[in-house]
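**Q** Let me begin by handing over the structure; questions about it come next.
What follows draws every value from the coordinates through simple rules; no lab data is involved. Just so it is clear, the structure is predicted and the values come from calculations on it, not from any experiment. Neighbour counts are summed over all protein chains in view; Cβ atoms, including those assigned to glycine, are modelled from backbone coordinates with ideal geometry.
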Amino acid sequence: MTNKQPLTLKSTAAIHTLQPVRLMTRLCKHWGHKFPVELGEQQGSIELPLGLCHMRCTDILQVQLHSDIEHISQLQEVVADHLRRMASTEELVIDWQQA
């Protein structure tokens, strides 16, 4: 008998933005009313039903998603959509890469 666990995939995006900390903070506070969130000065994470979203700020916003094969695409869409909304008028380019 084998123990089948869901395959965990990792997807990353390096997002160029003028205010990476502000964008990360807005997203964490937005979802903090619904989901478990951890927010520090330069990093944050959100536990969504579809998977995990980890963010780290340098001169860019680095986003790392963890989910199963069935939900990774949907998680990418949901996070990208919300990041674009939080960015307001700034045009974000979000190119997910499987890691």
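**Q** Please say if the stretch 12-73 is rounded, prolate or oblate, where rounded means a/c under 1.5 for a ≥ b ≥ c the square roots of the C-alpha gyration tensor eigenvalues, and otherwise the choice is prolate for a/b larger than b/c and oblate otherwise? Before the final figure, lay out each step's value.
**A** Details: a/c = 2.35, a/b = 1.31, b/c = 1.79.
Note, shape of the stretch 12-73 comes out oblate.
**Q** Expressed as an acute angle from 0 to 90° and rounded to the nearest 10, what is the orientation of the C-alpha long axis of helix 72-86 relative to the principal long axis of the chain?
**A** For helix 72-86, the angle is close to 10 degrees.
**Q** State, to one decimal in nm, how far the label point of residue 73 lies from the label point of residue 59, with both points 7 Å from Cα in the Cβ direction.
**A** For the pair residue 73/residue 59, the computed spacing is 3.6 nm.
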